[in-house]
Amino acid sequence: MLTYEQLAEAYRRLLKIRLFEEQAVIMVKNGEVAGAVHPSIGQEAAVVGTCLAVRDDDYMLGTHRSHGHPIGKGAALGPLFAELLGKSTGVCRGKGGSMHLADFSVGSLGESSIVASGLPIAAGAALSAKLRGTDQVCIAFFGDGASNEGAFHEAVNLSSIWKLPVIWVCENNGYAITTSAKDTIPVERIAQRAAAYGIPGVTVDGQDVSVVYDAVNEAVGRARRGDGPSLVELLTYRYLEHAEGMPIETVYRTENEIDSWRKRDPLTLLEATMKSDGFDNAMLTTIRAEIEQEVNSAVDFARASAFPESAEAYSDLYVGEKETVTS
Amino acid sequence: MTTIKVTRHADGEKGLDGEPRSRPKRVTYLEAIAAAQRQEMRRDPSVFIMGLDIEANVFGTTGGFLQEFGAERVRNVPLSEAGFTGAAAGAAMTGLRPIVDFNISSFMYVAMDQLISQVAKARYVFGGQASLPVVYRSAMFYHGSNAAQHSDRPYPMFMNVPGLKVIAPSGPLEAKGLLTAAIRDDNPVLCFEDATLWGSRTEVPQGDVVLPLGTAAVLRPGNDATVVAIAGSVPLSVAAAEQLAADGISVEVIDPRTLVPLDRGTILDSVAKTGRLVVVDPAHRTCGAAAEIAACVVEDGFDSLQAGIARVTTPDTHPPFSPTLEASLYPTVERIVAAVRHVVSVGSQSADA
């Protein structure tokens, strides 16, 4: 169960992601953000409920649907926006962009755009914690599509045989772009795949941040105690297209389906919970105004920042020597 | 020029491997690899090793490791190349210094996405937040009747990927010195060990031996032609040089030792002196390391060249199983001698050298 303070924090983070993503979509449409972004709109509770269960010094690896994860983990918004704009003040100095957001200061070890590619890395971060004798854990986000990749199976298997403190968190939104999970996954629930590796697997409602928190928190506790990895499948949904900046002509989802998920919007659900737990409208409005201000300042910061110097294209390849790079 | 940095310790006569440091020891290539790994694991508790069958020391480079360092730091891996390659990278990003033993270079292909999308790119795409002090070792298991799927020499592919360092030790001294430097380097290093050299035995100083990455060695000075040789081709080239010396042809033999970063300066200086270049490379001809070296010299050393550059490589075909067929494909002393004679004969006063 989330405490009173945690509910407020959950609301802050959910709003941060929602407002950040709405702004990011606008910035792609108006050309400020080059390339494409993969918004987490609709999936915020899955991310925030998970991140509330871990500490700043715990690790996290994420996916191409990349903005929600570092925000949920506590990364500052200004450098994230700056990264989307390709500015030198970006959290990755403009070198990675939307799909490679990373903020090592809050344990966000990077988002990857090759599906499932970050999962072995997550196993490694967990292995490192275990070898160093700390009680750190690692959250590894992945989608329904990723659960078919070889790297997923290898990473989960490794985590099981070595009893690694990693929590495999599946944001199952039912689609890998236009391909339905029903057509590519032969079992009813991705959590069933956990049994093949001898680890606990559970499926929960990914739209309710308290439910997500409870499931992930239990898995985190298990990992911290040295009892090894778990798989937590969160049933969730993205309202928008796979990517803003990548138009898809074919209709592969019905309006009915999208509408039915909108009725279970994570923000609306949390607001209802908070009101029944003693928060009044004024409090919620105050929090919202605070977050809107934070988002606006972050956007201003990003817009005012400079683009990188051309020599930056050659930096951060190697620790130490610049002369190793030829042009 | 080559420098061997031998670090003296204040603690007395014995090297880190327990042997008296007063004299160098004749060791094999595999023993030298084991010595480097053992030394670094003793020196630095953040170094650990993962690999196929290393607990049982099947490949001869982890003898006694499990007993000395324990199961946490010496671990067998399941047949999950992508899994353990990425796990090593993740551990390297979070404070440890893993060594990964792929056993055979051909197995690296199963982990290509991890090596390229993650290991090579993490530091760059995350804007310098990540550093990956990890070493991936493998043996190029060619010339041993193991057929095409086990006989790859993949270093050229990885030379084409920014963000990695690549080393190719040509003997026991190089194996110990380069591998030590690689383990101490804060960047990802791919170490390609030449299985044709496994049994080679030379004197290697005991204790710390560090051959800095990115520095080529002039193994044999000469004036008439430069031969740049890679990995197992190095001793072949030295033998070829000795043969040619008997005919009055003076050959300078260079071992780049590190392919990325490549010591272009030493190679260009040599060609400026000799005017003629032969590059010997056991990888396939097209886009091999020899191609890159030749291109560099044409671009930056054209005025030095008195003849076209010759490459002695493995042709663009797969290693066949049949031993007689396979042997004919790789560089040999005879092919190197012929190539040197050819470049020396071009535009020289005596037509027949």
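A compact table of results
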{"quantity": "In the range A:283-310, the residues that are open to solvent by 20 Å² or more (accessible area, probe 1.4 Å), within 18 Å of residue A:13 (Cβ to Cβ) and touching a helix residue (DSSP H, G or I) at 6+ places or on another chain (Cβ under 9 Å)", "calculated": "A:283, A:288, A:290, A:292, A:294, A:296, A:297"}
{"quantity": "Residue tally, condition at the interface with another protein chain (Cβ under 7 Å from one of its Cβ atoms) and out of contact with any Gly (no Cβ under 7 Å at 6 or more places or on another chain), over the range B:86-106", "calculated": "4"}
{"quantity": "Qualifying positions in the range A:96-111 - more than 7 Å from every other protein chain (Cβ to nearest Cβ) and either open to solvent by 10 Å² or more (accessible area, probe 1.4 Å) or not acidic (Asp, Glu) (or both)", "calculated": "A:97, A:98, A:99, A:101, A:103, A:105, A:106, A:107, A:108"}
{"quantity": "Any hit, the range A:172-181, residues being surrounded by fewer than 20 Cβ atoms within 10 Å (Cβ to Cβ), closer than 18 Å to residue A:69 by Cα and either at pLDDT below 95 or of a type outside the set (D, E, K, R) (or both)", "calculated": "no"}
{"quantity": "Single condition residue B:175 does not satisfy, out of (1) surrounded by 24 or more Cβ atoms within 10 Å (Cβ to Cβ); (2) outside any helix (DSSP H, G or I)", "calculated": "(2)"}
{"quantity": "Residue in the range A:158-169 that is within 19 Å of the chain's Cα centre (by Cα), at the interface with chain B (Cβ under 10 Å from one of its Cβ atoms), crowded, with 24+ Cβ neighbours inside 10 Å and under 18 Å from residue A:197 (Cβ atoms) present", "calculated": "yes"}
{"quantity": "Residue check for residue B:292: under 24 Å from residue B:106 (Cβ atoms) and open to solvent by 10 Å² or more (accessible area, probe 1.4 Å)", "calculated": "yes"}
{"quantity": "Test result for residue A:19, modelled with pLDDT of 95 or more and not in a helix (DSSP H, G or I)", "calculated": "no"}
{"quantity": "One residue from B:109, B:142 being in contact (Cβ under 8 Å) with a residue 24 or more places away in the chain, within 19 Å of the chain's Cα centre (by Cα) and more than 30 Å from residue B:25 (Cβ to Cβ)", "calculated": "B:109"}
{"quantity": "Scan of the range A:263-288 for residues that are part of a helix (DSSP H, G or I), without any contact (Cβ under 8 Å) to a residue 24 or more places away in the chain and within 15 Å of residue A:208 (Cα to Cα), ordered by number", "calculated": "A:268, A:272, A:275, A:276"}
{"quantity": "Any hit, the range A:37-60, residues being within 9 Å of chain B (Cβ to nearest Cβ), open to solvent by 10 Å² or more (accessible area, probe 1.4 Å) and in contact (Cβ under 8 Å) with a residue 24 or more places away in the chain", "calculated": "yes"}
{"quantity": "Wholly enclosed strands (runs of 3 or more DSSP E) of the range B:187-273 bearing at least 1 residues under 26 Å from residue B:99 (Cβ atoms) and β-branched (Val, Ile, Thr)", "calculated": "B:189-194, B:201-204, B:258-260"}
{"quantity": "Flag if residue B:184 is of a type in the set (D, E, K, R), surrounded by fewer than 24 Cβ atoms within 10 Å (Cβ to Cβ) and farther than 26 Å from residue B:119 by Cβ", "calculated": "no"}
{"quantity": "Selection count where residues are of a type in the set (A, V, I, L, M) and closer than 10 Å to residue A:266 by Cβ, scope the range A:33-53", "calculated": "5"}
{"quantity": "Residue within the range A:29-40 that is assigned to a helix (DSSP H, G or I) and not charged (D, E, K, R) present", "calculated": "no"}
{"quantity": "Set A:93, A:18, A:12: member being farther than 28 Å from residue B:97 by Cα, open to solvent by 10 Å² or more (accessible area, probe 1.4 Å) and touching a Pro at 6+ places or on another chain (Cβ under 9 Å)", "calculated": "A:18"}
{"quantity": "One residue from A:114, A:121 being facing chain B (nearest Cβ under 7 Å) and in contact (Cβ under 8 Å) with a residue 24 or more places away in the chain", "calculated": "A:121"}
{"quantity": "Residue match in the range B:199-206 (condition: in contact with a Ser or Thr (Cβ under 7 Å, 6 or more places away or on another chain), of a type in the set (Ser, Thr, Tyr) and away from chain A (no Cβ under 14 Å))", "calculated": "yes"}
{"quantity": "Matching entry among A:129, A:151, A:125 (being surrounded by 24 or more Cβ atoms within 10 Å (Cβ to Cβ) and touching a Phe, Trp or Tyr at 6+ places or on another chain (Cβ under 7 Å))", "calculated": "A:125"}
{"quantity": "Hits in the range B:218-243 - residues which are free of Cβ contacts under 8 Å to residues at least 24 places away in the same chain and of a type in the set (S, T, N, Q)", "calculated": "none"}
{"quantity": "Options B:272, B:239, B:195: the member that is open to solvent by 10 Å² or more (accessible area, probe 1.4 Å) and either at pLDDT below 95 or touching a His at 6+ places or on another chain (Cβ under 8 Å) (or both)", "calculated": "B:195"}
{"quantity": "Restricting the range B:107-132 to residues that are open to solvent by less than 10 Å² (accessible area, probe 1.4 Å) and under 26 Å from residue B:59 (Cα atoms), the residue that is farthest from the other protein chains (Cβ to nearest Cβ)", "calculated": "B:108"}
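Residue-by-condition table, conditions (1) over 23 Å from residue B:217 (Cβ atoms); (2) crowded, with 22+ Cβ neighbours inside 10 Å; (3) at pLDDT below 95:
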{"site": "B:35", "(1), (2), (3)": "no, yes, no"}
{"site": "B:70", "(1), (2), (3)": "yes, no, no"}
{"site": "B:77", "(1), (2), (3)": "yes, yes, no"}
{"site": "B:80", "(1), (2), (3)": "yes, yes, no"}
{"site": "B:87", "(1), (2), (3)": "yes, yes, no"}
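The values are calculated or read from the model by the stated rules, or taken from the named source; none is laboratory data. Computed from a predicted structure; not experimentally measured. As a convention, Cβ positions derive from the backbone with ideal geometry for all residues, glycine included, and neighbour counts pool all protein chains shown. In case anyone asks, the SASA skips ligands and DNA or RNA and just uses the protein heavy atoms, side chains included. Shrake-Rupley method; radii C 1.70, N 1.55, O 1.52, S 1.80 Å.
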